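Structure record follows, encoded as structure tokens.
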Amino acid sequence: MISHANGLGLHAAAASLAAALALAPAATLAQDFENQVAARQGQFKIMALNLGMLGGMARGNIEYDADTAALAAANLVAVSQLGQEFHWPEGSDNIMLDTTRAQPSIWEDFDDFASKWQDYGTQAAALAEVAATGQEALGPAVGALGGTCQACHEAHRGPELN
Amino acid sequence: MRRFFLFLVLIAALAAGGAWWISRPQVLPEARLAAIAAVEADAERGRLVFHAGGCASCHAEDGAEGEARLVLAGGHRLESEFGAFVAPNISPHPEAGIGAWSVGDFANAMLRGVSPEGAHYYPAFPYTAYIHMTDRDLADLWAFLQTLPEADRENDPNALAFPYTLRRGIGLWKWRHLSDDWVAAAPSETLERGRYLVEALGHCAECHTPRDRWGGLDLARWMGGAENPSGRGRIPNITPAALDWSAADIAYYLETGFTPDYDSAGGTMASVVKNTAELPASDREAIAAYVKGLAPVAAPDAE
């Protein structure tokens, strides 16, 4: 009777150890990737701010200035040149986290994601070529750049969280 | 007791017969079909109807760009709580697509949700919006579709849960939800055009308006935002209670995908912007005017 009870106790101890072991990797997986998500969202905010200058000038809401346009475009190019290796750890998607709209499709087809990021760099460089040449060049170049944003968002970004 | 039982059976039989009668697929009257067939169709004008109608968003390959958006091979999966609806091939291929249809077949499909074989289509195909289409737009769109490339992709079956596999039941759904009444008033020419683009061709409410448990749109919360049927997140409330963009901002967004903060459209809305970018500026302005004039829908207190 006593040995049976001990047996049960051992079983219980073994079970709770097993549960603890099972939880350990889950706890690692469930990390919030706070810094990585903040870093990558920060770079998109830099893009938005600089695109806002260029788009505002293209629409005539901000007075065109060649130096300002060139600087904003150079910033967009600079973001495209940041190595993305540390910004997108596997598991930092919108199924695992409440802080991101990044879809798991990014990691399911990382080549596609990388090529869309490259398209952004290509259009940012094209925009930088023309940004200082005059207000009328901005509209088409900003539009082409926006197309690369949307192509990636269509495939890899989920809807707003709330 | 026996008589009472017989009475119940009789009532049940009458109810079943009534439901069967109500749920029958109803096609357009002959006079309307004749009027549509008589339109001198303009395929080039139909191209704009095609873009305004958002056909490519479901019937072209997911993520397709440029000319690839004109290959209407189908295959897009619309996930919902009822199961997955798979968009069919509507290219002019005579067997795999709809190349063997008449314009009348097309009209019954678009305006009444009834197939050439006389079966109901699921309302994932937004005939509840297209029901408002003019004869001319319908005929022009049909003419445009004839000019597109043939695709031989075979259709995949829908993946629906029982009892939604019973198509006849859609007839009862239509009885409740298929109506050619407009939702918003349109006191000016611009607003009337905007309403036509939003409520008819663009079928914006399909995503932006919440649904009841039977999948019918909750007209009291028109464009008030909804659960994302296909995954996480919400489709935003675009009434003035939640969206404070100017009309110019909305029109610019529909042209470029940029929000006033220079965030950019994502998910299915990125595909919508590809369509609206093809429209004349006056159409985007009309949509913006309509959206600015929507009745405000406050956010639900708690969810």
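The values are calculated or read from the model by the stated rules, or taken from the named source; none is laboratory data. Just so it is clear, the model here is predicted, and its values are computed rather than measured. All Cβ positions, even for glycine, are placed from backbone atoms using ideal geometry, and neighbour counts span all protein chains on display.
Okay, here's what the table says:
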item: Criterion (under 20 Å from A:His153 (Cα atoms) and either within 14 Å of chain A (Cβ to nearest Cβ) or modelled with pLDDT of 95 or more (or both)) met by exactly one of B:Arg193, B:Arg234, B:Arg221; result: B:Arg234
item: Condition broken by A:Trp117, with the remaining ones in (1) away from every other protein chain (no Cβ under 12 Å); (2) at pLDDT 95 or above; (3) within 30 Å of B:Gly225 (Cβ to Cβ) satisfied; result: (3)
item: Filter pass, B:Ala288 being over 20 Å from the mean Cα position of the chain (by Cα) and either within 14 Å of another protein chain (Cβ to nearest Cβ) or buried (at least 17 other Cβ atoms within 10 Å of the Cβ) (or both); result: no
item: Count of residues meeting criterion [without any contact (Cβ under 8 Å) to a residue 40 or more places away in the chain and of a type in the set (Ser, Thr, Tyr)] in the range B:196-230; result: 1
item: Filtered residue count, the range B:90-124, keeping only those that are closer than 18 Å to B:Leu70 by Cα and either within 11 Å of the chain's Cα centre (by Cα) or β-branched (Val, Ile, Thr) (or both); result: 2
item: In the range A:103-136, the residues that are more than 18 Å from B:Phe258 (Cα to Cα), touching a helix residue (DSSP H, G or I) at 6+ places or on another chain (Cβ under 7 Å) and of a type in the set (A, V, I, L, M); result: A:Ile106, A:Ala125, A:Ala126, A:Ala128, A:Val130, A:Ala131, A:Ala132
item: Count of the range B:1-42 residues which are β-branched (Val, Ile, Thr) and modelled with pLDDT under 90; result: 3
item: Residues satisfying the stated conditions in the range B:142-168, i.e. touching a helix residue (DSSP H, G or I) at 6+ places or on another chain (Cβ under 9 Å) and not aromatic (Phe, Trp, Tyr); result: B:Ala143, B:Leu145, B:Gln146, B:Thr147, B:Leu148, B:Pro149, B:Pro163, B:Arg168
item: Meets criteria (assigned to a helix (DSSP H, G or I), more than 11 Å from chain B (Cβ to nearest Cβ), in contact with a Leu (Cβ under 8 Å, 6 or more places away or on another chain) and touching a residue at least 24 places away in the same chain (Cβ under 8 Å)) for A:Ala70; result: no
item: Enumeration of residues in the range B:291-300 that are assigned to a loop (DSSP other than H, G, I, E, B) and away from every other protein chain (no Cβ under 14 Å); result: B:Gly293, B:Leu294, B:Ala295, B:Pro296, B:Val297, B:Ala298
item: Residue in the range A:38-97 that is nearest to A:Gln118 (Cα to Cα), counting only those that are more than 14 Å from the chain's Cα centre (by Cα) and among the acidic types (Asp, Glu); result: A:Asp67
item: Hits in the range B:252-277 (condition: over 16 Å from B:Cys55 (Cβ atoms), part of a loop (DSSP other than H, G, I, E, B) and more than 7 Å from chain A (Cβ to nearest Cβ)); result: B:Thr259, B:Pro260
item: Every residue from the range B:104-123 that is of a type outside the set (Gly, Ala, Ser) and crowded, with 18+ Cβ neighbours inside 10 Å; result: B:Asp105, B:Phe106, B:Asn108, B:Met110, B:Leu111, B:Arg112, B:Val114, B:His120, B:Tyr121, B:Tyr122, B:Pro123
item: Boolean, A:Glu136 is among the acidic types (Asp, Glu), without any contact (Cβ under 8 Å) to a residue 12 or more places away in the chain, surrounded by fewer than 21 Cβ atoms within 10 Å (Cβ to Cβ) and part of a helix (DSSP H, G or I); result: yes
item: Pick from the range B:186-241, criterion acidic (Asp, Glu) and within 16 Å of B:Ala52 (Cα to Cα), ranking: surrounded by the fewest Cβ atoms within 10 Å (Cβ to Cβ); result: B:Glu192
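A quick yes/no check of all residues on (1) under 18 Å from the mean Cα position of the chain (by Cα); (2) at pLDDT 95 or above; (3) not in a strand (DSSP E or B):
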position	(1), (2), (3)
B:Glu44	no, yes, yes
B:Arg47	yes, yes, yes
B:His51	yes, yes, yes
B:Ala64	no, no, yes
B:Ala68	no, no, yes
B:Ala84	yes, no, no
